[in-house]
Structure formats: structure tokens, C-alpha cells
1. Take the residues in the stretch A:37-49 that are under 11 Å from the mean Cα position of the chain (by Cα) and at the interface with another protein chain (Cβ under 10 Å from one of its Cβ atoms), then tell me which one is least open to solvent (accessible area, probe 1.4 Å).
2. For the subset of the stretch B:138-189 comprising residues that are of a type in the set (Asp, Glu) and loosely packed, with under 11 Cβ neighbours inside 10 Å, which member is farthest from B:PHE74 (Cα to Cα)?
3. Answer yes or no as to whether A:PHE5 is over 30 Å from B:GLN44 (Cβ atoms) and aromatic (Phe, Trp, Tyr).
4. If you check A:ASN57 against the conditions, is it open to solvent by 70 Å² or more (accessible area, probe 1.4 Å), within 13 Å of chain B (Cβ to nearest Cβ) and at pLDDT 95 or above?
5. Just to be sure I understand, how many residues within the stretch B:221-235 are in a helix (DSSP H, G or I), open to solvent by 10 Å² or more (accessible area, probe 1.4 Å) and away from chain A (no Cβ under 13 Å)?
6. List, please: which pairs have Cβ atoms under 7 Å, are six or more places apart or on different chains, and start with a residue in the stretch B:135-157 that is closer than 15 Å to B:GLU282 by Cα and end with one that is surrounded by 14 or more Cβ atoms within 10 Å (Cβ to Cβ) and charged (D, E, K, R)?
7. Kindly establish whether B:ILE109 is touching a helix residue (DSSP H, G or I) at 6+ places or on another chain (Cβ under 9 Å), touching a residue at least 60 places away in the same chain (Cβ under 8 Å) and either open to solvent by 10 Å² or more (accessible area, probe 1.4 Å) or among the β-branched types (Val, Ile, Thr) (or both).
8. Is it the case that B:GLU70 is under 26 Å from B:GLU205 (Cα atoms) and touching a strand residue (DSSP E or B) at 6+ places or on another chain (Cβ under 7 Å)?
Amino acid sequence: MTTTFKVIVNGQHQLAVDPSQGTLLEAIEAAGIESHYHCRNGFCGACRTQLIEGQVNYINEPLAFIRPGDCLPCCCVPASNLKIEHR
Amino acid sequence: MSYSTFNQTASNPLLEPMFFGNSVNVARYDQQKHVIFEKLIEKQLSFFWRPEEIDVSRDRVDFNSLTDSEKHIFISNLKYQTLLDSVQGRSPNIALLPIVSIPELETWIETWSFSETIHSRSYTHILRNLFTDPSEVFEDIVINTEIQKRATDISRYYDDLIFYTQLWQTHGEGTVEVLGEQHTVSLRDLKKKLFLCINSVNALEAVRFYVSFACTFAFAERDLMEGNSKIIRLIARDENLHLSSTQQIINLWQYGKDDPEMREIAEELREDAYQIFMSAVEQEKQWAHYLFKHGSMIGLNEEILCQYVEYIANMRMQAIGFDAPFKQRSNPLPWMNKYLVSDNVQVAPQEAEISSYLVGQIDNEVSAADLGGFEL
């Protein structure tokens with residue numbers, strides 16, 4: 001059984017994201033939204049994204065500091081419906 | 001307060017602050033106050049590489065076909081990077097080891113600095129291949145005024161912290177006269193110097209390398225100087241990890257997860273930290289100007305490079321709690337990213353050594369989900 005979560009990016013794009021199909025960053029890219037990243041491995045923090053609403057699960061443990069209210073989409077998947085600002 | 005290489009006071013490292021507590025005695029890693037530094041050590045060790053693994057012999061042919069302005073760009077960047085890594089290969093050790101108080105951070109600092117010495121060795125590897133005698137390039141690093149300006153700014157926070165730590169460790173708090181000059185030493189002031197120093201190093205790791213990286217990868221985009229670009233990719237991957245550590249330290253202080261006095265200092269010196277970052281950004285832009293003074297190169301000019309510095313700076317400043325100061329919100333050099341992805345390091349084994357192979361990478365965590373695909 002797969003669950004799909006609704007992810008609203010930058011208040012204008014609505015994505016249906018299946019957490020078993022890859023990271024949040026990959027979902028953002030697949031939707032054609034400009035993405036920001038460097039290492040794609042959770043240690044550089046370049047993909048830092050504001051997590052306005054919802055929860056994420058980390059599939060790889062991030063080494064970059066995650067400030068409250070942020071998430072690192074390169075190594076996480078949605079755990080609920082999300083609202084994020086990825087700019 | 002005087003430094004001891006094996007502090008015989010029985011202290012609990014789980015209760016020590018990162019800096020200015022009891023100096024570390026037993027190098028033990030079975031328990032950590034800040035587990036992140038242990039993880040950074042593991043990651044850095046798994047990234048281990050040597051410059052000799054990368055074949056740079058084709059670069060000499062490419063280099064000779066570059067225009068004079070392109071040669072200026074290429075060599076100047078190598079000089080600047082040599083300066084940065086000369087500083088970083090020693091300064092974290094000299095400035096931070098005498099005052100560090102937890103074993104995992106002490107070892108992280110040593111691991112970090114060691115990896116910077118590998119970077120320095122790779123610049124020699126690159127230059128020795130390009131020139132029969134690279135002495136002229138190395139000698140110019142000390143006398144080139146553009147590089148000097150940067151050296152002054154990079155080393156002054158370190159030097160200040162080192163000097164006052166020495167006074168504190170030999171004379172304690174109070175006023176002391178050295179060579180006819182009066183110096184007032186207090187632990188609070190030392191902590192302030194440490195805060196500024198870490199912010200300056202953070203800015204260095206965050207933005208100072210990126211103008212040079214962009215030039216290197218712009219050559220690689222034209223299939224030029226590819227050996228050099230492979231080395232710089234490995235360096236960029238390491239630098240990203242080092243940056244992560246300075247961001248961790250600053251955030252741990254800001255969020256009061258370490259020394260409570262450092263939290264106060266972080267608030268008190270917020271404006272100074274901001275200015276340190278902004279002046280590093282300004283200097284990088286001036287560097288871009290210096291690089292392109294004899295002419296641009298295909299795919300890159302001063303303006304677009306300055307936009308890239310602003311783009312990166314926004315990202316880095318938000319990571320330590322500042323608002324993004326620049327308007328540049330989209331990436332003006334999207335091709336840069338493919339060189340910065342850590343897993344992408346090399347995919348054509350027939351061309352050269354495979355550098356994406358992680359030496360000593362350990363992953364022994366198995367969850368039930370890993371066996372999900374099995375059926376009996």
C-alpha cells in the first residue's frame with residue numbers, strides 16, 4: 001500500500017508525493033520547480049527549506065544543522081501533508 | 001588555566017563546554033556530548049583521498065592552449081586556494097586545540113585540519129605538473145598584493161585569538177605588559193575573540209572558495225583542465241563538510257546548547273558576525289574583478305560570478321540565522337551543482353582512477369525494511 005502526501009511548494013505548486021519514490025528534493029525537481037542543492041547527501045545544507053506545516057522523515061541522517069522550522073529535502077521524505085518554502 | 005597535554009583533573013567530558021572548560025585528557029569516543037562531531041569525523045575519514053590518485057597529465061597540454069587572460073585566471077585561483085589551505089591546514093590546530101574541552105571536537109579539529117593539508121598537497125601536485133619549476137607561483141603568494149589583502153583579513157581573527165590565549169594561559173586574567181604594550185586579558189573577552197574567529201572561519205569555508213571553484217568548473221565545462229577539476233571536486237566536497245562543522249558550532253551556541261555565556265556573546269556580537277560575513281562577500285567580488293581584469297573566459301564573467309557569490313552568501317547566512325541580504329535568489333550558474341554533488345565524483349573508470357569509491361565508509365545499520373524485498 002502506498003500513501004501519497006500533498007506537498008505545497010512556495011505557496012503555488014501542489015505536488016502529490018509518494019515517500020517510497022525518492023526524496024523530497026527529487027519530487028521538487030520532478031515538478032519542474034527550481035531546486036537548490038549541492039551535496040545531495042545531507043551534509044552541506046544548501047537545500048535548506050522552510051518547513052511551514054507538516055512533518056518529514058529523514059531517510060539518511062543529516063550532518064548539517066537543522067534550525068527549528070527548516071528541513072533538508074535532499075535526505076528526507078514527507079511524513080504528512082506539507083507546506084514548504086524552497087527558494 | 002595553563003595548558004596541560006594530559007589534564008589530571010578528573011572531569012566529565014559530557015558536562016564540559018566545547019571550549020574554555022577543562023582541557024581534554026582521555027581521547028575517548030564511546031560517549032559524546034555533541035555526537036555530531038563524531039559523525040563528521042567518520043564522514044571525513046570516509047572521504048579520504050590523495051592527489052596522486054588523479055591523473056593531471058593532460059592538463060599541461062590544455063594549459064598551454066589557454067589565452068593569457070585565462071592563464072591569469074587559472075593560476076591566480078590556485079594561488080588564492082593555496083593561501084586559504086595554508087591557513088586552514090594549521091590555524092584550527094594552533095588556535096582551537098589549546099582551548100577545546102571535549103574529545104570528539106578535539107579530534108574533529110585535527111581531522112579537519114589534516115584534510116586541509118591534503119588540499120595544499122594537491123595544489124603542489126597540480127602546479128608541478130604544469131610547470132617544470134613552480135617556485136615562481138608559490139613565491140608570488142607572499143608578495144602579490146591582492147592575495148596579501150585577503151591573507152590579512154583571514155588570519156587576523158585567528159592571530160588575535162592565539163595571542164590572547166597564550167597570554168591567558170601563561171599569565172591568567174588581568175593586565176599584562178608585552179614588549180612595552182599593555183594587554184587586558186579576561187575570559188569573557190577571549191570567548192568573544194573565539195566567537196569572531198569561528199564566524200570568520202565559517203565565512204571562509206562558506207563563500208571564499210566559491211569564486212575559484214566556479215572558474216575551475218567553468219574550464220571543465222569546456223573539457224579543459226579536467227584533472228584539476230576532479231581534484232577541486234574532492235576539495236569542494238571536503239570544504240562542504242568543514243562548513244557544516246562551523247555552522248554546527250555557531251548554531252549550538254546560538255541555541256544555548258553549549259556554554260550559556262557563548263549564547264549571550266552570540267547575541268551581543270550578532271552585528272559583528274554579520275559584518276565579517278559581508279566583508280568576505282565583498283572581498284570575493286573584488287577577487288572576481290581582479291581575475292577578469294585582463295579579460296573574461298567563455299561562460300563566465302565578473303558580473304555573473306558576483307551574482308553567484310550573492311546566491312551562495314544568501315544560502316550560507318540563512319544557515320546561521322541571518323536573513324538573506326541579497327536579491328539574487330535563483331542560481332546564476334546551475335551547472336555548478338553537478339560538480340558539487342558528493343556522489344558524482346567520477347563515473348568513467350576507463351579514463352582515470354575512480355575517485356567516488358569511499359575508502360573506509362562504514363554502514364552497518366540494517367533495518368527490517370532492508371529485508372522487505374526478500375521472499376522465501
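The values are calculated or read from the model by the stated rules, or taken from the named source; none is laboratory data. Here the structure is a predicted model, which means the values were calculated and not measured. Counting neighbours? That spans all protein chains shown, and the Cβs are built from the backbone with ideal geometry, glycine included. Side chains are part of the model used for accessible areas, which takes the heavy atoms of the whole protein and leaves out ligands, DNA and RNA. Shrake-Rupley method; radii C 1.70, N 1.55, O 1.52, S 1.80 Å.
1. Only one residue fits best here, namely A:CYS47.
2. The first filter runs over the stretch B:138-189 and keeps only residues of a type in the set (Asp, Glu), leaving B:139-140, B:146, B:153, B:159-160, B:173, B:177, B:181, B:189.
Imposing the further condition that a residue be loosely packed, with under 11 Cβ neighbours inside 10 Å reduces the set to B:139, B:177, B:181.
Working: B:GLU139: 16, B:GLU177: 46, B:GLU181: 44 Å.
Applying the filter and picking the extreme gives B:GLU177.
3. Working: over 30 Å from B:GLN44 (Cβ atoms): yes; aromatic (Phe, Trp, Tyr): yes.
When the stated conditions are applied, A:PHE5 passes them.
4. Judged against the criteria, A:ASN57 is a match.
5. So the answer is 3.
6. B:ILE147/B:LYS79
7. Answer is no for this residue.
8. yes
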